[in-house]
Structure formats: structure tokens, C-alpha cells
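Novice: Once you've had a glance at the structure underneath, I'll fire off some questions.
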Amino acid sequence: DETLLGGWMKPQEQRTAEELKALQRSNELTDELLAADVLVMAAPMYNFTIPTQLKAWIDRIAVAGQTFRYTEAGPEGLCGGKKIVIVSTAGGLHAGQASGVAHEEYLKLLFGFLGITDIEFVRAEGLAYGDEVRTKAMSDARTHISEQLFAAA
């Protein structure tokens, strides 16, 4: 928001109390990300993209000089060595389709930019296709979790 951006753009001594408070919260979220070895996040598809709440979190943790930096060779992610498990849900069938570009593909791009490339999706798609499809999708997601995620632990 305007307060956070204003705080980022000003030298420390020129920041207002509101800007300092916004920066403190942003720094807390960034510190949590940097301290984590594994992240688990829910990313339901809303109108072909991620929810605004997830986008707002991303906007707070994608900080030049903290989670990525620009070098002469191009951008460099500073969050490597982490794993992300993304629980992805959708009413339709979008994984691997053009309609999923602003959803899962965006998350892969964004986290790759931050240096995180160990990304695993747990999908439950077709949830709006009726009870039978929804039940199978949820069962498949549970199976994926127990066979892929817990088997590796």
C-alpha cells in the first residue's frame, strides 16, 4: 500500500510512525520466510489467479535486497534451499493449461525469482464439477500427501 511503499522509498530518518509500523510488519513476514526451511501454503484459484490475500503477502516478502537482488548478471534469488508445498485448488481443470498461467505458473515464476525451485503442488481440481469429481479430487490430493510428502519425510 501507499504507506509501505512510502516507507521503503524514504531514508530511515524521514519515515513517519505509520510507515515504520508498516515496514515492521513487512520485515516480520520477510524474516519468517527467510528463517523457514519448508513453506506450506494454500493457493485456491480465484478468477484464474491467486487470492488477493496471497498476493498481498507476496508483495510484502518480495523485497529487493532482502529476498532477491539485482546483479550485473541479472536478478538473483536470496531464498534458496527452501521447499514449498502449495495446496492448489480450482473449480475447473487448469493445471498445465493456459487458464492456469496466472495461478500455478505465476507461483513457480515468482518463487523461482526468489531462488526457491523446490516446489511441490498438491492439487484438487474440478471441485465445481459435482460430488463425484470433487470426492475423487480430494481423495487423490490426500493420496498424494501421504504417498509423496510423508513418504519422503
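The values are calculated or read from the model by the stated rules, or taken from the named source; none is laboratory data. These numbers were taken from a predicted model, which means no experiment stands behind them. Every residue, glycine as well, gets a Cβ built from its backbone with ideal geometry; the counts of neighbours run over all protein chains shown. Only protein heavy atoms, including side chains, enter the accessible area calculation; ligands, DNA and RNA are left aside. Shrake-Rupley method; radii C 1.70, N 1.55, O 1.52, S 1.80 Å.
Novice: If the requirement is being open to solvent by 70 Å² or more (accessible area, probe 1.4 Å), in contact with a strand residue (DSSP E or B) (Cβ under 7 Å, 6 or more places away or on another chain), not in a loop (DSSP other than H, G, I, E, B) and not aliphatic (A, V, I, L, M), which of these qualifies: LYS108, LYS55?
Specialist: Going through LYS108, LYS55 in turn, the sole match is LYS108.
Novice: Take the conditions open to solvent by 30 Å² or more (accessible area, probe 1.4 Å) and in contact with a Pro (Cβ under 7 Å, 6 or more places away or on another chain) and apply them to THR89. Does it pass?
Specialist: yes
Novice: Still on this structure, I have one more. Consider ARG60 against the criteria (1) open to solvent by 20 Å² or more (accessible area, probe 1.4 Å); (2) at pLDDT 95 or above: it satisfies all of them except one. Which criterion is unmet?
Specialist: It is condition (2) that ARG60 fails.
Novice: Somewhere in region 50-61, is a residue touching a residue at least 40 places away in the same chain (Cβ under 8 Å), under 27 Å from GLY7 (Cα atoms) and of a type outside the set (Val, Ile, Thr)?
Specialist: Checked against the condition, which is being touching a residue at least 40 places away in the same chain (Cβ under 8 Å), under 27 Å from GLY7 (Cα atoms) and of a type outside the set (Val, Ile, Thr), region 50-61 yields at least one hit.
Novice: May I ask you to say which residue of GLY126, GLY130 is crowded, with 16+ Cβ neighbours inside 10 Å and over 24 Å from ASP1 (Cα atoms)?
Specialist: Details: GLY130 fails: crowded, with 16+ Cβ neighbours inside 10 Å.
Going through GLY126, GLY130 in turn, just one is crowded, with 16+ Cβ neighbours inside 10 Å and over 24 Å from ASP1 (Cα atoms): GLY126.
Novice: For region 69-85, what are the residues that are assigned to a strand (DSSP E or B), exposed (fewer than 10 other Cβ atoms within 10 Å of the Cβ) and hydrophobic (A, V, I, L, M, F, W, C)?
Specialist: none
Condition check ((1) more than 29 Å from ALA62 (Cβ to Cβ); (2) acidic (Asp, Glu); (3) in contact (Cβ under 8 Å) with a residue 12 or more places away in the chain) across all residues:
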{"residue": "GLU76", "(1), (2), (3)": "no, yes, yes"}
{"residue": "ALA102", "(1), (2), (3)": "no, no, yes"}
{"residue": "ALA128", "(1), (2), (3)": "yes, no, yes"}
{"residue": "THR143", "(1), (2), (3)": "yes, no, no"}
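Novice: For the subset of region 1-47 comprising residues that are loosely packed, with under 15 Cβ neighbours inside 10 Å and assigned to a loop (DSSP other than H, G, I, E, B), which member is modelled with the lowest pLDDT?
Specialist: Applying the filter and picking the extreme gives ASP1.
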